[in-house]
Amino acid sequence: LAKTTQPISMDSYEGQEVNITCSHNNIATNDYITWYQQFPSQGPRFIIQGYKTKVTNEVASLFIPADRKSSTLSLPRVSLSDTAVYYCLVGERGKLIFGQGTELSVKP
Amino acid sequence: DTGVSQDPRHKITKRGQNVTFRCDPISEHNRLYWYRQTLGQGPEFLTYFQNEAQLEKSRLLSDRFSAERPKGSFSTLEIQRTEQGDSAMYLCASSPPTGYTEAFFGQGTRLTVV
């Protein structure tokens, strides 16, 4: 399974765009890239998933370069409620391996 | 509510006692996962099932931890002879037969061993 590396923490202000980058140098051909969000005392929640190029949904965008060795989760115009831990996972179907995640703190 | 359901939500037990947690996945989800999470850490993989078959488990499950999914529906996680280090949030997730790594998590069971 490909190992992922993310920043441990990030700070932002309300209304800003936040980009969280994840490195996954050993990603395999069949691996997908998935991001989860977790609030305190809750289970993780799926945000977005992609294989290559760009994926966008109502919550976020995911940018994946051609070599797929990294990915960037983009949260447009964050609010205080986006304060959470964000996890990047890489793999195909099967067990999901979580790393430390990135703790995002959004300030007023 | 048709999400993943875990029971109980909280459990306090004395060291040395056995505890069992239950997870009811989303209907028709054939994959079920168990994780353990301590404060400040990401969820730690314990095991996962495809239908009733336990396809993979961490080394942690070879000792005092065991999990079952007898009919491919709900699952139980048992911890025998609990230790204070077992205090954690135990999370269950399920995923559908199609798709890749999109899993739906329950609210978790918070275990406190005193």
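What follows draws every value from the coordinates through simple rules; no lab data is involved. Computed from a prediction, not measured in an experiment: that's the story for all the values here. For neighbour counting, all protein chains shown are included, and Cβ atoms are generated from backbone atoms with ideal geometry for every residue, glycine included.
Which Cα, out of B:Leu91, B:Ile26, A:Thr29, lies furthest along the positive dipole direction of the protein assembly as shown (beta carbon charges, K/R +1, D/E -1)?
With unit charges placed on the Cβ atoms, the residue in question is B:Leu91.
By counting other Cβ atoms within 10 Å of each Cβ, how are A:Thr102, A:Thr56, B:Thr2 ranked from fewest to most?
On the way: A:Thr102 21, A:Thr56 13, B:Thr2 7.
Placing the least packed residue first, the sequence is B:Thr2, A:Thr56, A:Thr102.
Give me the Kirkwood hydrodynamic radius of the range B:1-90, using the inverse of the mean 1/r over all pairs of distinct Cα atoms, in Å to one decimal.
Numbers: mean 1/r = 0.0735 Å⁻¹.
Taking every pair of different Cα atoms in the range B:1-90, averaging 1/r and inverting gives 13.6 Å.
Where is the GNM fluctuation largest for chain B (alpha-carbon springs, 10 angstrom cutoff): B:Ala67, B:Ala93, B:Ala103?
Judging by the Gaussian network model, the answer is B:Ala103.
Return the average number of partner chain Cβ atoms within 10 angstrom of each residue Cβ along peptide A:38-44. Mind showing how you got there, number by number?
Numbers: counts 5, 0, 1, 5, 6, 16, 10.
Mean shielding by partner chains, rounded to a whole number: 6.
Compute log10 of I(q)/I(0) for the protein assembly as shown with the Debye formula, placing one identical point scatterer on every Cα and leaving out solvent, at q = 0.08, 0.12, 0.17 Å⁻¹, to two decimals.
-0.29, -0.65, -1.21
Pairs A:Lys3/B:Lys57; A:Lys52/A:Lys95; A:Lys3/B:Lys14; A:Lys3/B:Lys11; A:Lys69/A:Lys95; A:Lys52/B:Lys57: which are spaced more than 27 Å apart, C-alpha to C-alpha? Intermediate results must be reported in sequence, preceding the final value.
Details: A:Lys3/B:Lys57 18 Å; A:Lys52/A:Lys95 21 Å; A:Lys3/B:Lys14 37 Å; A:Lys3/B:Lys11 33 Å; A:Lys69/A:Lys95 20 Å; A:Lys52/B:Lys57 30 Å.
Result: A:Lys3/B:Lys14; A:Lys3/B:Lys11; A:Lys52/B:Lys57 exceed 27 Å.
Among A:Val55, A:Val18, A:Val85, which one moves the most in a GNM of chain A with springs linking Cα atoms closer than 10 Å?
Of the options given, A:Val55 has the highest mean-square fluctuation.
If you wrap a convex hull around the alpha carbons of chain A, what volume per residue comes out, as a whole number of Å³?
Working: hull volume 9.8 nm³, N = 108.
Convex hull volume per residue, Cα atoms: 91 Å³.
Could you pull out every one of the aspartates and glutamates with an alpha carbon less than 14 Å from that of B:Lys71, ignoring same-chain neighbours closer than 8 positions?
Excluding near neighbours in sequence, the set is B:Asp24, B:Glu28, B:Glu52.
Under a 10 Å cutoff between Cα atoms, tell me which one of A:Glu14, A:Glu58, A:Glu92 has the largest fluctuation in the Gaussian network model of chain A.
Most flexible of the set in this elastic network: A:Glu58.
Simple spin-label model, 7 Å along Cα-to-Cβ: B:Ser73 to A:Ser105 in nm?
4.7 nm
Could you pull out the longest piece of chain B with no exposed loop trypsin sites (Lys or Arg not before Pro) in it, calling a site exposed if DSSP puts it outside H, G, I, E, B and it has at most 16 other Cβ atoms within 10 Å?
Values: sites that count: B:Arg9, B:Lys14, B:Arg15, B:Arg64, B:Lys71, B:Arg81.
Counting at most 16 other Cβ atoms within 10 Å as exposed, the longest clean stretch of chain B is B:16-63.
Show me the three semi-axes of the equivalent ellipsoid for the range A:61-103, from the C-alpha gyration tensor (sqrt of 5 times each eigenvalue), largest first, rounded to whole Å.
Details: eigenvalues 91, 51, 13 Å².
Result for the range A:61-103: semi-axes of 21, 16, 8 Å.
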